[in-house]
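Here the structure comes first, spelled out in structure tokens, and everything after it is commentary.
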Protein chains: 2
Amino acid sequence: MREAAILGVAMTPFGISDKTNLELFADAGLEAIVHSNLAPGDIQALFFGNCLGDFEEGQLHMAPFAHSSIGLPMSTPAVRFECACATATVAIRQAVQMVQGGIYDVILAGGTERAAAMGTPLATRTFAMASQAQYETPTGITFPGVFAMAAHLYSHRYGIPLVELKRHLAEVAVKNHFHGSKNPKAHFQKEITVEKVLNGMMVADPLQLLDCCPFSDGAAAVVIAEAGKARDLVKKPIYVAGTGQASAGPLYIQQDLTHVKAREVSVKMAYDEAHLTPGDIDVCELHDCFTMAEVLAIEGLGFYDFGRGYDAASRGETRLGGKGTVVVNPSGGLKAKGHPIGATGAAQVTEIVEQLRGEAGERQVDGAKIGLVDTLGGDLSTVCNLILRGEK
Amino acid sequence: MREAAILGVAMTPFGISDKTNLELFADAGLEAIVHSNLAPGDIQALFFGNCLGDFEEGQLHMAPFAHSSIGLPMSTPAVRFECACATATVAIRQAVQMVQGGIYDVILAGGTERAAAMGTPLATRTFAMASQAQYETPTGITFPGVFAMAAHLYSHRYGIPLVELKRHLAEVAVKNHFHGSKNPKAHFQKEITVEKVLNGMMVADPLQLLDCCPFSDGAAAVVIAEAGKARDLVKKPIYVAGTGQASAGPLYIQQDLTHVKAREVSVKMAYDEAHLTPGDIDVCELHDCFTMAEVLAIEGLGFYDFGRGYDAASRGETRLGGKGTVVVNPSGGLKAKGHPIGATGAAQVTEIVEQLRGEAGERQVDGAKIGLVDTLGGDLSTVCNLILRGEK
């Protein structure tokens, strides 16, 4: 099996945009190609992510149009992927596998979404279609509800009073907004306080407004190539040490909202392939669509025992410059950087690559050598992970 | 590079169904697994195709639910692909590449769609979202219109009076309905006459009702494995000799509706990889979404010179038992077998595999050794091809 590496990475500013999905993706895709010291004609395949272009813009079949907006050659196939919020991570992992298997030498992968353009109420309803439509959607469930239920169950199971858990969850939001304040491309670049979180509008008890990530517009893209070729092209290629993806069914056949089994299976694949353990990870971009989701993720990824991750942010362990072994979501995460659904995984990879190159500016994690990407799709039914590292 | 082969194949009856997409896909997927002498636990990845589950059933993120409805293991990733009508063909080609590259040994690939359940007027409008939404959709273009324009241009360019061309196009419909009459899973199993076609309702001049394929409900699935493993499991593995995929941009940057350039690029890739030429193909399932589309395809695939394919059906050359070198759409094609968008490519592969195994019953093409699959996505912007063969 060949080794895969990441060359150029790019993301548009996340937030509310007047641009179309195709314009956003062209901005990110062309910048990633330029940063790779390549031209569009060098790209051998486009693995393109988007979730709801049909609802957002009446645009199905977006891949070949993204392809032509970047000026890729006709012989370069354009393939659209959709795995809910994990869409771009899955597209990137497939690109990594194709490069590892010798099918292509250079692939552009990423995604775009105009989730903010829809407005939050409509976006919440349409993205709720990522739940199982026959049995779950009719109950009225939406994603804030899923993670609110998880918070209740977590509180009950581990004997942490809800009022106490809410305060610790607020600390996750405060940390990620602090990180976002250092990210000029973040949707939210203002720091917040625990009091502000706890005074927010209730969304799905116990989750309040600032426990929830925003819907954002934005795109991100990365170029993946065979490692030898990568070394010829860029000064600091970032290597793919391990990947994983796992799939669980709908919530009603999953046993426990507080244990995301697909994540445990997926990240184990990635750790095993990389011959690494959670203690080796210096920096992690993980799926904090809600503050509660970050708690579930730091436990599921093995950074904390189950039931022990809820106060990691309060203790300052997952913060930039903090006392822990891993900095979590230095970009601001979905919570503050923003969440353009089909682009999110590629933006996570972009952040980790910049961190491992030492080019993350004010957000730089000192001495970051190994990074982990974690993306959750739907109601805990898809998880995809990537472990990246700099030169050995 | 390893060799990939196809083991079990299966399709549901195409037509109008009361089943959900997940139920349809489970029917086809489980049957394909059983025909491969495998169990769900043996499947290492699910490459799943669907176009508009969100509009059809309020179901985004269908892949992990398809995965659980078949009982696949959590460590088997489920990935959704969408490339308009070429969705399942692209999913299958990606599976072939992953097997060739040594990433997986056994993959289930296919697709499902409930296009008929929507009703034709709504389906025509929603699937028109596969045109470019910013510049083309506002003109009111739909797919019948695209192929009607191609017919006018073809008539003009090659000096064939429209009234004469219409009669030859009707012969394409008559042929494919004749084939469909021999296919117990076809949406339409009745023979029709040229007069019936010419007396039909006008859809988009010069295309009348029976020049157009139906929207159908249905699913199809195939198991792809490394060739050595395939030989251990089934008596007649069918080998993947060559594949191709190419992407053109929106219609307004394509130069000529009568020359589908993406097809020419894609099928050349497949012929070159297989070391074969059009004259080697015995049987072909191609993208006859409209009668005119079959004419464009038999020319673009190299069976006929440009401007010379329009009367192939009239001359009886592409018919079962006909005088030509290749039988076109023995299944009935999209025209009579039906067109459940995201399933179509997998159904085309199913037909070719059954033909090459000599198991196509009344539809059997005598001595078929090499078969070609051709699927077009959107307004000529995605084309994907597969060349299959039996034991050498």
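Just so you know, all these numbers are worked out from the coordinates, no wet-lab data involved. What you see is a predicted model, and the numbers here were worked out from it, not measured in a lab. Quick reminder, even Gly has a Cβ in these numbers, built from the backbone with ideal geometry, and neighbours come from all protein chains shown.
Brief remarks follow.
- The alpha carbons of region A:1-158 give a radius of gyration and a Dmax of 18.0, 56 Å, in that order.
- Each label was represented as a point 7 Å from its Cα along the Cα-to-Cβ direction; for B:E273 and A:N199 these points are 6.2 nm apart.
- Inverse mean reciprocal Cα-Cα distance (Kirkwood Rh) of region A:93-247, Å: 19.0
- On the principal axes of its alpha-carbon atoms, chain B has extents of 57, 46, 39 Å, going from largest to smallest.
- Amide hydrogen neighbours beyond the local backbone of A:L380, cut-off 5 Å, H modeled: none
- Put simply, the amide H of B:V327, placed in the peptide plane, has neighbours under 5 Å in B:V283, B:C284, leaving out anything fewer than 5 places away on its chain.
- In this structure, the amide hydrogen of A:H339, modeled 1.01 Å from its nitrogen in the peptide plane, lies closer than 5 angstrom to those of A:S216, counting only residues at least 5 positions away or on a different chain.
- Helical content alone sets the calculated 222 nm signal of the protein assembly as shown at -10500 deg cm²/dmol, taking -39,500 (n - 2.57) per DSSP H segment of four or more residues and averaging over every residue.
- Per-residue mean of C-beta atoms belonging to partner chains within 10 Å, peptide A:79-89: 6
- Tail beyond 20 Å, pair distance distribution of region B:179-258 (Cα, percent): 67
- Take every DSSP beta bridge whose two residues both sit in chain B; close to 70 percent of them are antiparallel.
- Taking the three principal axes of the alpha carbon atoms in region A:214-290, the coordinate ranges are 50, 36, 23 Å, sorted in descending order.
- Residue exposure proxy: A:R114, A:R2, ordered by other Cβ atoms within 10 angstrom of their Cβ from fewest to most, comes out as A:R2, A:R114.
- Diffusion coefficient, µm² s⁻¹, Stokes-Einstein with Kirkwood Rh over alpha-carbon pairs of the protein assembly as shown at 37 °C and 0.692 mPa s: 126
- Kirkwood Rh and Cα Rg combined as Rg/Rh, region B:106-175: 1.11
- Order of A:E273, B:E56 - criterion: other Cβ atoms within 10 Å of each residue's Cβ, fewest first: A:E273, B:E56
- Of all DSSP beta bridges in the protein assembly as shown, antiparallel share, percent nearest 5: 70
- Hz values of 3J(HN,Hα) by residue in region B:129-135 - Karplus curve (6.51, -1.76, 1.60), Gly and Pro given as x: 5, 6, 7, 6, 6, 7, 10
- From the alpha carbon centroid of region B:122-178 to that of region B:263-303 is 19 Å.
- Ranked list, fewest to most other Cβ atoms within 10 Å of each Cβ, for A:C51, B:C289: B:C289, A:C51
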